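Notes follow once the structure below has been shown.
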Amino acid sequence: MDHFELLGVTRTSTTTEIKKAYRKLANQYHPDRNDAAEAKEKFQLIQKAYEVIADPQKRSLYIKSTYTIITDPREVADSFWHNALL
């Protein structure tokens, strides 16, 4: 799952907005406050997502590695047909 979606923020969100969303979800899913079976797992996912996107350097690396920018649609089509015909 995408870290931004998990925290409910956009890629252009500020650090303050990210922190606010993290705290809200962390309080909701913290194992000491939530007895649900999936709460601990969800809390760990939330922590991992926050660690990655709260730091501006890690966030830029995550965005570069996760989101592909298509500059020329012909490259995608050529790649598709090349792989399909092999």
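Values in this text are rule-based calculations from the coordinates and carry no lab data. Keep in mind that this is a model prediction, so the values were computed, not measured. Ideal geometry is used to build each Cβ from the backbone, glycine not excepted, and the neighbour counts take in all protein chains shown.
Ala54 sits among other residues whose Cβ lies under 12 Å from its own Cβ, and their net charge, with Lys and Arg +1 and Asp and Glu -1, is +3. With a cut-off of 12 Å between beta carbons, the residues surrounding Gln44 carry a summed charge of 0, where Lys and Arg count +1 and Asp and Glu -1. Working from label points 7 Å from Cα in the Cα-to-Cβ sense, the Thr12 to His30 distance is 3.3 nm. Counted by neighbouring Cβ atoms within 10 Å, the residues Ser60, Ser13 run from fewest to most as Ser60, Ser13.
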